[in-house]
Amino acid sequence: MNTVTERETAAAAGAAESAKALEITRLQAWYGESHILHGVDLSVGRGEVVTLLGRNGAGRTTTLRAIMGLTGRRTGSIRIGGRETIQMPTYRIAHCGVGYCPEERGIFASLSCEENLLLPPHVGAKGAKVAEGMSLDEIYAMFPNLAERRNSQGTRLSGGEQQMLAVARILRTGANLLLLDEISEGLAPVIVQTLARMILTLKSRGYTIVMVEQNFRFAAPLADRFYVMEHGRIVEHFGTAELEGKMPVLHDLLGV
Ligand SMILES: Nc1ncnc2c1ncn2[C@@H]1O[C@H](COP(=O)(O)OP(=O)(O)OP(=O)(O)O)[C@@H](O)[C@H]1O
Ligand SMILES: [Mg+2]
């Protein structure tokens with residue numbers, strides 16, 4: 001290592017390697033004149049699964065959308081793999097290796113299952129652990145239902161199949177930080193179990209996951225840590241070990 005530049009580059013790479021997958025501080029966000037997030041602090045280590053709980057309208061979807069740069073004005077800091085993204089447009093944020101699965105799933109109705117899978121561009125962050133993105137073969141091995149339905153039109157898929165497709169599609173991009181909004185919503189228990197296994201597989205493969213969930217029973221055994229939001233703020237934060245002791249508080253806050 002000779003030059004200062006080389007040393008600086010190596011130091012930066014080292015810093016990026018040790019940085020949190022996601023570090024949000026004092027995040028405020030607006031939709032037009034509506035001030036929705038009032039100083040959110042949230043951090044997620046690499047390979048962690050973190051769940052964002054809260055009542056309807058608490059600001060959970062807005063938090064995910066703010067991370068992606070999809071709200072109106074945002075202030076504060078959002079570091080992804082150590083890089084500050086608060087000033088970045090959405091396409092650059094995606095290229096930091098983030099995949100967002102919105103509540104409405106966004107499956108293209110006129111395209112087949114496989115065509116939906118082939119749509120996304122490659123966004124995997126350089127030097128990231130999971131930079132390559134899954135091949136169609138890997139996707140079909142992980143989601144046998146999608147393999148069976150590969151030629152079916154988007155709208156012909158069941159709700160569960162559409163949800164798997166929505167998650168599978170972001171895995172194709174090479175994203176290693178996954179933002180999943182209410183993936184269990186409205187699905188039959190057997191499908192929810194399949195999704196739970198999917199989350200555990202992704203975790204074992206080193207993905208970092210932020211899940212917004214209303215379904216506490218689904219989220220509880222999957223997450224390493226929990227955040228609870230209310231009125232655009234984080235009001236509780238704890239790990240799995242503290243979960244039992246927090247149940248009365250969760251009962252009050254969420255009715256679980
Ligand atoms: N596009 C928008 N324009 C203005 N206000 C919005 C918009 N989207 C959401 N809001 C408001 O922001 C607040 C937070 O909404 P958000 O969608 O983040 O809630 P949530 O926690 O995801 O709850 P849920 O999904 O259960 O409704 C709500 O008061 C909502 O009315
Ligand atoms: Mg929501």
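The values are calculated or read from the model by the stated rules, or taken from the named source; none is laboratory data. These numbers were taken from a predicted model, which means no experiment stands behind them. No Cβ is skipped: glycine too gets one built from the backbone with ideal geometry, and neighbour counts run over all protein chains shown. Note: accessible area is taken over every heavy atom of the protein model, side chains too, but ligands, DNA and RNA are not part of it. Shrake-Rupley method; radii C 1.70, N 1.55, O 1.52, S 1.80 Å.
Within segment 220-233, is there a residue that is within 16 Å of ligand 1 (Cβ to nearest atom), touching a Phe, Trp or Tyr at 6+ places or on another chain (Cβ under 7 Å) and in contact (Cβ under 8 Å) with a residue 12 or more places away in the chain?
Filtering segment 220-233 for residues within 16 Å of ligand 1 (Cβ to nearest atom) gives 226-233.
Going one step further and asking which of them are touching a Phe, Trp or Tyr at 6+ places or on another chain (Cβ under 7 Å), we end up with 226.
Retained after the next criterion (residues that are in contact (Cβ under 8 Å) with a residue 12 or more places away in the chain): 226.
Yes.
Determine whether VAL40 is in contact (Cβ under 8 Å) with a residue 12 or more places away in the chain, β-branched (Val, Ile, Thr) and out of contact with any Gly (no Cβ under 9 Å at 6 or more places or on another chain). Criteria not met by VAL40. Selection within segment 187-236: residues that are among the small types (Gly, Ala, Ser) and within 23 Å of SER158 (Cα to Cα). The member of this set that is most open to solvent (accessible area, probe 1.4 Å) is ALA188. When the test is whether a residue is in contact with a Lys or Arg (Cβ under 9 Å, 6 or more places away or on another chain), farther than 22 Å from ARG205 by Cβ and either open to solvent by 30 Å² or more (accessible area, probe 1.4 Å) or modelled with pLDDT under 95 (or both), ARG74 does not pass it. Being surrounded by fewer than 17 Cβ atoms within 10 Å (Cβ to Cβ), within 30 Å of HIS38 (Cβ to Cβ) and either in contact (Cβ under 8 Å) with a residue 60 or more places away in the chain or within 16 Å of ligand 2 (Cβ to nearest atom) (or both) is a property that LEU250 lacks.
Give the residues of segment 94-106 that are more than 16 Å from ligand 1 (Cβ to nearest atom) and out of contact with any strand residue (DSSP E or B) (no Cβ under 7 Å at 6 or more places or on another chain), sorted by residue number. If you could, list the steps in order and put the result at the bottom.
First, the residues of segment 94-106 that are more than 16 Å from ligand 1 (Cβ to nearest atom): 94-99.
If the condition is that a residue be more than 16 Å from ligand 1 (Cβ to nearest atom) and out of contact with any strand residue (DSSP E or B) (no Cβ under 7 Å at 6 or more places or on another chain), then ALA94, HIS95 are the ones that fit.
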